[in-house]
Amino acid sequence: MWATDHGRYMTNSMASRWLIAVLPASLYKMNADGTNLTVMSATREIVNSFNELAHHGVDVRDVASLGGGLAVANLKFMVMGFRGDWKAYVQVFGFCRAPNTDEVCWLCEGSKGVHNMATAITDVSENAYWRRTYLNSSPWTSIPPYATLHGFRLEMVVPDLLHMWNLGMARDLAGSVLKIICREQHVFNGPNIEARLRQATDSLKTFARSNGHCLRIKRITRAKLHWETRKYPEFMASGHDSYVALAWLDECLKPYQQRYGDLCTLLFTSNWCFRLFYANTGWFLSEGERQTVRVLGRIFLQVYARCALDAVRQRDLLFRWRPKSHMIDHVFECRRAINPARYSTWLDEDWLKKLSKNLQMTASKTAQVGVLQRWLMALPEAIDKAGRD
Ligand SMILES: [Zn+2]
């Protein structure tokens, strides 16, 4: 699927996302090294089309009433960036550095430190080794078709805020903060954990209502927090719910700054950065905004890493550090002026959800053509509707 960066209906998923092909996973042919040959062949064809559009473009002719034979303009098209979750990136680019290997990152040579602690991604200092290896080497063993797109640069593969933050590190942060405050009685004073979780639920719902947010989560329970002795806590909720929960916790803990100083710092700094990304509707961040994110983001990651280390020393499972946390470090570095929120997959996920409804109504054997046909038939109405909204 592709989307234009300058469409008329960018906030309407069905009128701004365009289907290229449907590839059922049952058709995948995998290489011995794990390369998805089917996806690589499909993307090679897609690249040929986009390169044709970049080199030769499309002639626009004058209107038919005037003859329609005169070319009045030539439009050229460029691919400006990629949007997708990490799993999809690994498939379509054939990354050999991925979350399940020691070297994890497609942008740098940071690792989990299995072979060499000097390259560890848990080093969040300013002079961490991995920062000096940004875009130094290729994260694949054979060049994927997408890398042969006209004007391709590796930094165009942007970490997705929805999966990296809202469904990733934000859930770890909200889970740890909730576990800490609900096993004590300072913020919520119910007689046991269940009672305090009920108080937390009521407080969250009141906050959401008074700030005009709709929540999908019904109750905060032990299960929803993965509250078990041998598991890291995680706030199991939608991406939007985790955004609201962090804003609520920030508000909730303000009167407890003396007691929960680190938690307040984590919530304040991260909320500030992501509000800035999401509230900025332009394509670019100003130099001032980038500097703010760099400073607050650095404070956030250093405090988070310290809390994670303290938890490990106390054999407490809190503040999980995972490869996604490292990608958030790259997001906070703000090396590019482009706003990473423009490359988040919120609307793409919405589009996929609607498309998968179509898929369910289509026979699996003919799905490749059936879904394309149904999508094309519904397109005029989707564009009409977007124009009326
Ligand atoms: Zn990296």
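Throughout, read-outs are computed from the coordinates displayed, never taken from laboratory work. Quick caveat: nothing in here was measured; it's all calculated off a predicted structure. Every residue, glycine among them, receives a Cβ derived from its backbone with ideal geometry; neighbour counts consider all protein chains shown.
Assuming charge only on the beta carbon of Lys and Arg (+1) and of Asp and Glu (-1), the dipole of the chain about its Cα centre is about 1020 debye to the nearest 20. Backbone phi angles across the range 151-160, fed through the Karplus curve with coefficients 6.51, -1.76 and 1.60 (θ = phi - 60°), yield HN-Hα couplings of x, 5, 9, 4, 5, 6, 8, 8, x, 8 Hz in residue order; Gly and Pro are listed as x.
Between Arg8 and Arg315, the FRET efficiency estimated from the beta carbon spacing at R0 = 41 angstrom works out to 0.15. For the set Lys205/Lys354; Lys87/Lys112; Lys87/Lys353; Lys218/Lys324; Lys357/Lys385; Lys29/Lys112, the pairs lying more than 24 angstrom apart at their alpha carbons are Lys205/Lys354; Lys218/Lys324; Lys29/Lys112.
Out of residues 5 or more away from Trp140 or on other chains, whose amide H comes under 5 Å of its own, with H placed 1.01 Å from N in the peptide plane? The list, which skips near neighbours in sequence, is Cys96. Counting Lys and Arg as +1 and Asp and Glu as -1 over every other residue whose Cβ lies under 13 Å from the Cβ of Arg153, the net charge comes to +1.
Of the beta bridges DSSP finds with both residues in the chain, what % are antiparallel, to the nearest 5?
Values: 10 of 12 bridges.
The antiparallel proportion sits near 85 percent.
Positive end of the dipole of the range 84-157 (Cβ unit charges, origin at the Cα centre): among Ile121, Pro139, Val92, the Cα lying farthest that way belongs to Val92.
Under 5 Å between amide hydrogens, built in the peptide plane, is the criterion, and for Glu184 it picks out nothing among residues at least 5 positions away or on other chains. Length available on full extension from Ala32 to Ala279: 0.36 nm per residue minus the Cα-Cα distance, which gives 84.4 nm.
Within the shell defined by Cβ-Cβ distances under 12 Å, the residues around Asn116 carry a net charge of -3, with Lys and Arg each +1 and Asp and Glu each -1.
Whole-Hz Karplus values for the range 69-84 come out as x, 9, 6, 9, 7, 10, 9, 10, 10, 10, 7, 9, x, 10, 10, x Hz, taken residue by residue from phi with 6.51 cos²θ - 1.76 cosθ + 1.60 and θ = phi - 60°; glycine and proline positions read x.
Backbone phi angles across the range 25-38, fed through the Karplus curve with coefficients 6.51, -1.76 and 1.60 (θ = phi - 60°), yield HN-Hα couplings of 4, 5, 8, 4, 10, 9, 7, 4, 7, x, 6, 8, 5, 5 Hz in residue order; Gly and Pro are listed as x. Across the chain, Cα-Cα pairs farther apart than 35 Å form 35% of the total. If one computes the Cα centroid of the range 257-307 and of the range 20-74, what distance in Å separates the two points? Cα centres, the range 257-307 to the range 20-74: 40 Å.
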